[in-house]
Structures are given as structure tokens and as C-alpha cells.
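Okay, structure first, notes after.
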Amino acid sequence: MRVLPGDIVRVIIGDVPVSPEVQEALREELGLNDALPIQYGRWLWSMVNGEFGGRSLENGEPIRSIISRHLPVTVLLAGYTVLLSIFVSVPLGVLAAVAGNRWPDYLIRVATLGGLALPNLWVALLVLLGLLLFFRWSPPIIYTAPTADPWNHMQMMVWPTLILAWEYSSHLVRVTRSTMLEGLSQAYITTARSKGLSERDVVLRHALRNALIPAVTMLGLQSGTLLSGALILETIFGLPGIGRGLVQAALARDYPVIQSLASLLVVLSLVVNLGVDIIYTLVDPRFSRAT
């Protein structure tokens, strides 16, 4: 960011003609003339003492309030996506494995291939264009919290959630399908069938439990995909989340805000992986005994 063209001082001043001396004085006031290690150390200390990066260079707003404004939107979008993906991907993965090499399997594989191959950016723009051309409708442009107006909130969140869940769940469906196919060919499945268990019990009680472990692993591995996709879709659909905040801060060259929001994304990724570890213990209690 430091080597890219642009200057936060020019962003603050705008089109107002000012002398170079005034610009230099403002740069000195903002601490931009200090060495980069000193600026980084100042930001790092503000993170340690609970100020979360200090204040925005652009408008002086505390970064803590910026985070509190943007974080809930991203958490909601990511949460909706994960929940929808889990409820959709596991049944579809099981169905594709049970109906191997038949039309349900082919249909699911084609759908997941599209989710993996098509960029979120392109799909989102196509969805917005299609809604406008064919239905004369577009999502609301003013974000509303779920507690304030649930219907308006749902209208604004449903499309980015569906688009992001398409990509995210495609990974889970394919992993669930492959592990289910492998599990259904194992000796313990043959033994379960020879004991007279119904096919439903064989699939759901025996094969599925082992197939869920790689799928849960994929939940954590795809946390980067989840967060990066959320950043893109927030910008396109006008959601005031971390992604939109990062874009605005990058355009303004607001370095403390950029650093703080980027660090927050790292923390969110760690939280997702911690949640995956907790899910492990729910799927298979042997993990809790091992720890």
C-alpha cells in the first residue's frame, strides 16, 4: 500500500487549493513523516492496549467504532453462508454418492463444478443484471439490521448468501461425495449389510459419520475462500461489512484502518478454525478423548 500512488493528505484536503507548507504540516500532524517502523510500532501498541489501531487518518473516527459498525455484517453473512452450506452440502453429497453415476449424481456434480469454476464477482453481477432486466427489482441499497427490519434485511442478504454458499458448499459436496463413495466400499459397510441393517441405517449411521470428518476439515480449509468471497460480495451488494470498509480505506490510503481490518480478518479465520475443532468433537467423540 505504501508504494502505490495516492496520498491520504490529498484525500483529506480534497479539491481545496492549499500550499505545500499546509500539506506538509498536516502530514506531520498525522505522523506520516515518521519512519515506517515507528508508524507500525505505534499502530501495534494501539492494538495491544485495546484501541484497535487508534484513529482513522481520514476523519479521526476511532477504529474501534469502525470495527463495531462493519464486523456484525460480515459475521452475519459468513454465518448465514456456513449454515446454509452445511444443511445443503451434506444431503447433496450423500445423495450423489448413493446415486453414483446416475442422473442425480451427474446433476449435482455439474452444479458443484459451476460453483467452483464461476467467480463470485461475475455471478453477482449477472444476478443483479438478471433481477433488474427480468423482474424490475434490485436488492435494497440501505442496509438494515435483522432486529430493525427482518424482511428488508433478508432481501438484502439472501442473494450474497446464496452466491457465496454456492461456491462454499460445492467444496463440501464433492468432499462428502468422495468420502461416502470410499466408505460405502469398506468392509465394515459390507458387514453391516450382512447383519440385515436397512440401507438407510447403513448410510446414515455408519458411512456418513466417517464421511463427515473430511467435510468438517474442509470447512476450516475453506475459511479463506469464505472471507474473501464475503469481501467481494459486500462491495457489490453494498453491504457495510469489513470488505466494503477495506475498499474505502484502501481508496483513501487510510493505513491504520487497513491494517486493523486486515488483522481482524485473520482473527475471524482463527475463530472459524476453532469452531471446526469444536465440531470435530460433536461429530466424533473420540477427538475429545484424544485431547
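The values are calculated or read from the model by the stated rules, or taken from the named source; none is laboratory data. Computed from a predicted structure; not experimentally measured. Here the Cβ is made from the backbone with ideal geometry for all residues, glycine too, and neighbour counts use every protein chain on show.
Tell me, please, whether a residue that is exposed (fewer than 13 other Cβ atoms within 10 Å of the Cβ), touching a residue at least 12 places away in the same chain (Cβ under 8 Å) and part of a helix (DSSP H, G or I) can be found in the range 39-47.
Looking through the range 39-47, none of the residues is exposed (fewer than 13 other Cβ atoms within 10 Å of the Cβ), touching a residue at least 12 places away in the same chain (Cβ under 8 Å) and part of a helix (DSSP H, G or I).
Taking the residues in the range 123-141 that are in a loop (DSSP other than H, G, I, E, B) and free of Cβ contacts under 8 Å to residues at least 40 places away in the same chain as candidates, determine which candidate is nearest to the chain's Cα centre (by Cα).
P140
Residue-wise test of (1) of a type outside the set (F, W, Y); (2) in contact (Cβ under 8 Å) with a residue 24 or more places away in the chain; (3) at negative phi.
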| residue | (1), (2), (3) |
| --- | --- |
| F52 | no, yes, no |
| L77 | yes, yes, yes |
| L83 | yes, no, yes |
| A97 | yes, yes, yes |
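Answer with yes or no whether V73 is in a helix (DSSP H, G or I) and surrounded by 22 or more Cβ atoms within 10 Å (Cβ to Cβ). So that I can check it myself, show each step before the final result.
Values: in a helix (DSSP H, G or I): yes; surrounded by 22 or more Cβ atoms within 10 Å (Cβ to Cβ): yes.
Judged against the criteria, V73 is a match.
With the condition kept exactly as written, say whether any residue in the range 265-274 is surrounded by 14 or more Cβ atoms within 10 Å (Cβ to Cβ) and under 30 Å from R27 (Cβ atoms).
Within the range 265-274, one or more residues are surrounded by 14 or more Cβ atoms within 10 Å (Cβ to Cβ) and under 30 Å from R27 (Cβ atoms).
Taking the condition closer than 30 Å to S185 by Cα, part of a helix (DSSP H, G or I) and without any contact (Cβ under 8 Å) to a residue 60 or more places away in the chain, does L113 pass?
Criteria met by L113.
Among (1) modelled with pLDDT of 90 or more; (2) of a type in the set (A, V, I, L, M); (3) exposed (fewer than 15 other Cβ atoms within 10 Å of the Cβ), where does V18 come up short?
(1)
So which residues in the range 153-168 are in contact (Cβ under 8 Å) with a residue 60 or more places away in the chain and either of a type in the set (S, T, N, Q) or farther than 21 Å from V90 by Cβ (or both), if there are any at all?
The answer is M156, M157, W159, P160, T161.
Which members of the range 238-256 meet the condition of being assigned to a helix (DSSP H, G or I) and either of a type in the set (S, T, N, Q) or surrounded by 24 or more Cβ atoms within 10 Å (Cβ to Cβ) (or both)?
Correct list: I242, G243, G245, Q248, A249, P256.
When you check L184 against the structure, is it under 28 Å from P104 (Cβ atoms), at pLDDT 90 or above and either exposed (fewer than 12 other Cβ atoms within 10 Å of the Cβ) or not small (G, A, S) (or both), yes or no?
Here the answer is no, as L184 does not meet what is asked.
Scan the range 9-23 residue by residue and report those that are more than 24 Å from Q259 (Cβ to Cβ) and either among the acidic types (D, E) or assigned to a helix (DSSP H, G or I) (or both).
D15, P20, E21, V22
Evaluate the following for E29: is it under 20 Å from I258 (Cβ atoms) and either surrounded by 13 or more Cβ atoms within 10 Å (Cβ to Cβ) or among the charged types (D, E, K, R) (or both)?
Yes.
Return yes when Q259 is at pLDDT 85 or above and either farther than 29 Å from L162 by Cα or not in a helix (DSSP H, G or I) (or both) and no when it is not.
Spelling it out, Q259 is indeed at pLDDT 85 or above and either farther than 29 Å from L162 by Cα or not in a helix (DSSP H, G or I) (or both).
Just checking, does the range 167-179 include any residue being over 30 Å from G100 (Cα atoms), at pLDDT 90 or above and buried (at least 19 other Cβ atoms within 10 Å of the Cβ)? Working first, answer last.
Step one: of the range 167-179, the residues over 30 Å from G100 (Cα atoms) are none.
No; the residues of the range 167-179 include none that is over 30 Å from G100 (Cα atoms), at pLDDT 90 or above and buried (at least 19 other Cβ atoms within 10 Å of the Cβ).
Within the range 58-67, identify whether any single residue is charged (D, E, K, R) and either touching a Pro at 6+ places or on another chain (Cβ under 6 Å) or part of a loop (DSSP other than H, G, I, E, B) (or both), and answer yes or no.
Checked the range 58-67: at least one residue is charged (D, E, K, R) and either touching a Pro at 6+ places or on another chain (Cβ under 6 Å) or part of a loop (DSSP other than H, G, I, E, B) (or both).
Being at pLDDT below 85 and more than 30 Å from L204 (Cα to Cα) is true for just one of V73, V3. Which residue is that? Can you show your working first?
Numbers: V73 fails: at pLDDT below 85.
Answer to the selection: V3.
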